[in-house]
Amino acid sequence: MSKSKAVRIDRHGGPEELKIVEVEVGDPGPGEIRIRHKAVGLNFIDTYQRSGLYPFAMPLQLGMEAAGIVEAVGEGVTHLNVGDRAAYASGPPGAYCELRVLPAKNVCKLPDAISFETGAAMMLKGLTAQYLLKKTLPAEGLQAGDFILFHAAAGGVGLIACQWARALGLQLIGTAGSDAKCKLALEHGAAHAINYSTENFAERVKAITGGKGVKVVYDSVGKDTYEGSIDCLRPFGLLTVFGNGSGPVPPINLGVLASKGSLYVTRPTLFTHIATREATQAMADDLFAVVESGAVKIPIDQRYALDDVQQAHRDLEARKTTGCTVLTL
């Protein structure tokens, strides 16, 4: 058995529930690996799991993505070897630690050109941007020149999506909660940016698109934005709610979708898309390629020591962060 520092909660609640503990880590079983982390990614889903919005049995070790070096490989694992640089975004939670054992299915070799910090920062957010822009598409598809709306455009997923959308020839309209965050979205490839704290974003979207609206809205804010998001869609448009930053979306009256133009609504998750080893690798290969090409740069705007994880969660929930955040070891 090896010892590892880890972050654990014994009950759902606020950031004060995050405790630094020492845990024992054994050998990997069939289909598993043991990995020593070099950096750990911080994501909004971590706060949902901590607060109880996504309930888990206790005690719970948090964290959904990290990068490091493979220390041991269990029976049946053929795509990874001891000593490989690797990164992952996967369940079960447990990445907030120095060392862990986890299923190997969603762990991918990390290209030498991509640093551990970048790998830890980009897997969950980059794979999310990949399935949104490449797989979660409106009925009429997306073509170069099309307008799309992306909420929280200055966040970790948002800044990756801004760059990737530009590379695909899409005109991304981003929203954010301050002028500084809007400027950041524009610097990363957004065609337009709207400060939703001072402007009516639905009215601005209609003005930008000549009254037509957008084919798709990518909304991770949820409760506070979904009604305006629906008003931004053109006929046959798609509302993609992929997060609950302001709280979960209440039940939607299907009659509203009819009256607004035969609209579509979906609530996807990354973990459905990476349900198989093959799907995970294909999506990761796409992400690695666009990062290695330079078309998408991973913005790491905050770094916290693992011991400072409570403050990291406070800053994330207070919307004080931009881009990606990593916990350093």
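Checking Gly83, Gly63, Gly91, Gly13 one by one, the residue that is modelled with pLDDT under 95 and in a loop (DSSP other than H, G, I, E, B) is Gly91 and no other. In the range 33-60, the residue that is farthest from Gly243 (Cα to Cα) out of those that are in contact with a helix residue (DSSP H, G or I) (Cβ under 8 Å, 6 or more places away or on another chain) and assigned to a helix (DSSP H, G or I) is Arg50.
Of all the criteria given as (1) in a helix (DSSP H, G or I); (2) of a type outside the set (Val, Ile, Thr); (3) over 16 Å from the mean Cα position of the chain (by Cα); (4) modelled with pLDDT under 95, the one not satisfied by Lys320 is (1). Taken over the range 179-218, residues that are under 21 Å from Leu142 (Cβ atoms) and among the polar types (S, T, N, Q) amount to 1. For the structure I just gave you, tell me whether Ile148 is surrounded by fewer than 24 Cβ atoms within 10 Å (Cβ to Cβ) and at pLDDT 95 or above. Criteria not met by Ile148.
For the range 195-308, the strands (runs of 3 or more DSSP E) that sit wholly inside it and include 1 or more residues that are among the small types (Gly, Ala, Ser) and assigned by TED's automatic domain parsing to the domain that holds Ala39 are 300-305. When Gly323 is tested against (1) small (Gly, Ala, Ser); (2) touching a Pro at 6+ places or on another chain (Cβ under 6 Å); (3) exposed (fewer than 15 other Cβ atoms within 10 Å of the Cβ), exactly one condition is not met: (3). Taking the criterion of being of a type in the set (A, V, I, L, M) and loosely packed, with under 14 Cβ neighbours inside 10 Å, the only residue of the range 205-228 that qualifies is Ala207.
Only residues that are touching a Gly at 6+ places or on another chain (Cβ under 7 Å) and either surrounded by fewer than 18 Cβ atoms within 10 Å (Cβ to Cβ) or over 28 Å from Ile20 (Cβ atoms) (or both) were counted in the range 75-104, giving 2. Examine the range 94-109 for a residue that is in a loop (DSSP other than H, G, I, E, B), in contact (Cβ under 8 Å) with a residue 24 or more places away in the chain and within 16 Å of His313 (Cβ to Cβ), and state whether such a residue exists. Within the range 94-109, one or more residues are in a loop (DSSP other than H, G, I, E, B), in contact (Cβ under 8 Å) with a residue 24 or more places away in the chain and within 16 Å of His313 (Cβ to Cβ).
Restricted to the range 256-306, and to residues there that are among the aromatic types (Phe, Trp, Tyr) and within 27 Å of Leu233 (Cβ to Cβ), the residue that is modelled with the highest pLDDT is Tyr264.
In this structure, does Asn106 turn out to be closer than 16 Å to Lys125 by Cβ, in the same structural domain as Ala289 (by TED's automatic domain parsing) and polar (S, T, N, Q)? Yes: the conditions hold for Asn106.
The values are calculated or read from the model by the stated rules, or taken from the named source; none is laboratory data. Quick caveat, the model's predicted, so the values are computed rather than measured. Heads up, the Cβs are rebuilt from the backbone with ideal geometry, glycines too, and the neighbour counts pull from every protein chain shown.
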